[in-house]
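> Okay, here's the structure, questions in a sec.
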């Protein structure tokens, strides 16, 4: 009797197959979700494109700038745009395009750098203040309240005049190093400090409020119950909850910083000449605004466009991070 | 509510004390003195007299306490270091100009902002909405010193409609350019807030009820949506008001308006510390009270918000 070792041919049994038509899309992480929503916002994508371009240009400026930002020829002063000088020259014969590019470098460096420090210190201070409460919280909040009741330009001018005063006495041993660094960076360091000191408030307040509102929630209690210490509680359980609003605040903080830097430079207490800044360029152009408005227009438009892009991106980011928001 | 008001009002004292201490500290930590005239110094006897008159050689704690006592008891900010008058007189003379200009700009910004925002919300996602909101972001992104310069070049120099600078009271053509320049950013901010707020309100159930009752669209919008939608706008309007009545250095300096905003930067550069202290404390007081009133007003307008 022959034994068949092969199984009989399957009759009518179909292997269970994955449904060919997907009724649900694969799960996406929160960040992917946010990014997808961001991509749908066309204006914001244009803004991101412009900012990226600006950053790339700012980084490459020392290499690609056609002229020197400080040296000009008085014989070529106040030229109209021409193939040799695409955007013309200023009253000292310096190439306008070159100065615009260096100005972008100054604005972006200072603004983004200051916001990074704001992020680090504002989040830390806000978390500690909100988490522990007590006298430290009281002290920090009174300081924040007091600074909040002053216009940031006023605080910036006060601190800047102090910094310039101290840093000009460079022979004192304590600050000599900082003063040299400040001089070498064309006054950037001072502006940087001022921007940080005027912008940490918002982030600190935001983080504190958020921490206070969630620190009594069940998941925090649960984490505490399984033995999470305070540092771990803050880092792993509270931090992710504050990051979304903080990210938005920091994005809006960048145009705020750029604008404040330009204002300070406009007043002549920001970046030290000959280092160009859009604010300085606008101030210098005022004298000849009747006869040569291009000098006002170039930095003015550059400043407006940059602030516009950052504001749009901030708006889009806020919408994208908050899926529950009604459209 | 009453305990809240009292408790909140009491925080005014430590807040202003912090401001006073910060400014005092920065002033005295900044190197150099107000009579440092560079290569043409005052005669030593004059310097001694000046220093004696202004008590700058007293110990720091004594200056700190004396000055504070003078402000609190006599409301006396002391004589200006650089001008013939006192700090109080400087404020009394220049603040009213800024306040008038600021109030006018605020009225314009509020009306224009609410109109623009409402229009945007009602015509949501049409080209009107997009254009208005682009204008609003543009308004927020354009620094006042750029906008006012463009206004001067176009309106005053090219078209010759108004003079290029100066101040002649609220009923003078010279008020137009500074008011427009001051109103730009707050108009934009108020328009954005109004739009978002109306859009939120329009999704509420009671709006659907109102429509279901067959009310005309205009009534739904003007009587049912707008009053509720304007409550959150109070917050941003309050900030704008405080900002406007304290004067803007840029607008006042560029258009030569004799307001207090123009003075601030000068006092820092001149090291005219009594005026600096007076201006700073005055700004802080105005902004503090504006914030306070906004919070109270908010809870009055929206009974769901309880102040605790």
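> Mind listing whichever residues of the range A:247-260 are away from chain B (no Cβ under 14 Å) and out of contact with any helix residue (DSSP H, G or I) (no Cβ under 6 Å at 6 or more places or on another chain)?
Matches in the range A:247-260: A:247 only.
> Can you tell me which of B:80, B:98, B:15 is under 30 Å from residue A:168 (Cα atoms) and surrounded by 15 or more Cβ atoms within 10 Å (Cβ to Cβ)?
B:80
> Identify all residues within the range B:216-250 that are within 12 Å of chain A (Cβ to nearest Cβ), within 22 Å of residue B:111 (Cβ to Cβ) and in contact with a helix residue (DSSP H, G or I) (Cβ under 6 Å, 6 or more places away or on another chain); write none if there are none. Don't jump to the end; show me each part of the working.
Initially, the range B:216-250 is screened for residues within 12 Å of chain A (Cβ to nearest Cβ), giving B:239, B:242-250.
Now narrow it down to the ones that are within 22 Å of residue B:111 (Cβ to Cβ): B:239, B:242-248.
If the condition is that a residue be within 12 Å of chain A (Cβ to nearest Cβ), within 22 Å of residue B:111 (Cβ to Cβ) and in contact with a helix residue (DSSP H, G or I) (Cβ under 6 Å, 6 or more places away or on another chain), then B:242, B:244, B:245, B:246, B:247, B:248 are the ones that fit.
> How many residues, within the range A:204-231, are free of Cβ contacts under 8 Å to residues at least 24 places away in the same chain and crowded, with 20+ Cβ neighbours inside 10 Å?
0
> Now for a different question. Can you spot a residue in the range B:268-275 that is away from every other protein chain (no Cβ under 14 Å), in a helix (DSSP H, G or I) and more than 30 Å from residue B:157 (Cβ to Cβ)? Please lay out each step first, then the result.
Of the range B:268-275, the ones away from every other protein chain (no Cβ under 14 Å) are B:274.
Narrowing the set further to residues that are in a helix (DSSP H, G or I) leaves B:274.
If we keep only those that are more than 30 Å from residue B:157 (Cβ to Cβ) too, we end up with B:274.
Yes, that holds for at least one residue.
> So, residue A:139, is that one outside any helix (DSSP H, G or I) and within 14 Å of chain B (Cβ to nearest Cβ) or not? Steps first, please.
Working: outside any helix (DSSP H, G or I): no; within 14 Å of chain B (Cβ to nearest Cβ): yes.
The answer is no for residue A:139.
> Hey, among B:119, B:151, B:101, which residue is touching a helix residue (DSSP H, G or I) at 6+ places or on another chain (Cβ under 7 Å), touching a residue at least 12 places away in the same chain (Cβ under 8 Å), part of a helix (DSSP H, G or I) and within 12 Å of chain A (Cβ to nearest Cβ)? Steps first, please.
Numbers: B:119 fails: within 12 Å of chain A (Cβ to nearest Cβ); B:101 fails: within 12 Å of chain A (Cβ to nearest Cβ).
Of B:119, B:151, B:101, the one residue that is touching a helix residue (DSSP H, G or I) at 6+ places or on another chain (Cβ under 7 Å), touching a residue at least 12 places away in the same chain (Cβ under 8 Å), part of a helix (DSSP H, G or I) and within 12 Å of chain A (Cβ to nearest Cβ) is B:151.
> So, of the residues in the range B:24-61 that are surrounded by fewer than 11 Cβ atoms within 10 Å (Cβ to Cβ) and within 14 Å of chain A (Cβ to nearest Cβ), which turns out to be modelled with the lowest pLDDT?
Result: B:38.
> Quick check, is residue A:75 touching a residue at least 24 places away in the same chain (Cβ under 8 Å), in a helix (DSSP H, G or I) and at negative phi?
Spelling it out, it is not the case that residue A:75 is touching a residue at least 24 places away in the same chain (Cβ under 8 Å), in a helix (DSSP H, G or I) and at negative phi.
> Here's a follow-up. Determine whether the range A:156-164 contains at least one residue that is in a loop (DSSP other than H, G, I, E, B) and within 12 Å of chain B (Cβ to nearest Cβ).
Checked against the condition, which is being in a loop (DSSP other than H, G, I, E, B) and within 12 Å of chain B (Cβ to nearest Cβ), the range A:156-164 yields no hits at all.
> If I ask for residues that are more than 9 Å from chain B (Cβ to nearest Cβ) and more than 21 Å from residue A:165 (Cβ to Cβ), which ones from the range A:261-282 would you list?
A:274, A:276, A:278, A:281
> Moving to a separate point now. Could you list, in sequence order, all residues of the range B:204-262 that are surrounded by fewer than 17 Cβ atoms within 10 Å (Cβ to Cβ) and not in a helix (DSSP H, G or I)?
B:204, B:213, B:214, B:215, B:216, B:256, B:258
> Sticking with this one: Tell me which residues, restricted to the range A:232-244, are within 17 Å of residue A:121 (Cβ to Cβ) and without any contact (Cβ under 8 Å) to a residue 40 or more places away in the chain.
A:235, A:243
> May I pose another question? Is it the case, given these coordinates, that residue B:4 is away from chain A (no Cβ under 14 Å), surrounded by 14 or more Cβ atoms within 10 Å (Cβ to Cβ) and closer than 30 Å to residue B:304 by Cβ?
Here the answer is yes, as residue B:4 does meet what is asked.
> Based on what the data block shows, is residue A:320 surrounded by fewer than 19 Cβ atoms within 10 Å (Cβ to Cβ) and away from chain B (no Cβ under 12 Å)?
no
> Same structure, new question: Just name the residue that is modelled with the highest pLDDT out of those in the range A:292-317 that are more than 10 Å from every other protein chain (Cβ to nearest Cβ) and farther than 19 Å from residue A:52 by Cβ.
Here the residue is A:298.
The values are calculated or read from the model by the stated rules, or taken from the named source; none is laboratory data. Quick caveat: nothing in here was measured; it's all calculated off a predicted structure. Counting neighbours? That spans all protein chains shown, and the Cβs are built from the backbone with ideal geometry, glycine included.
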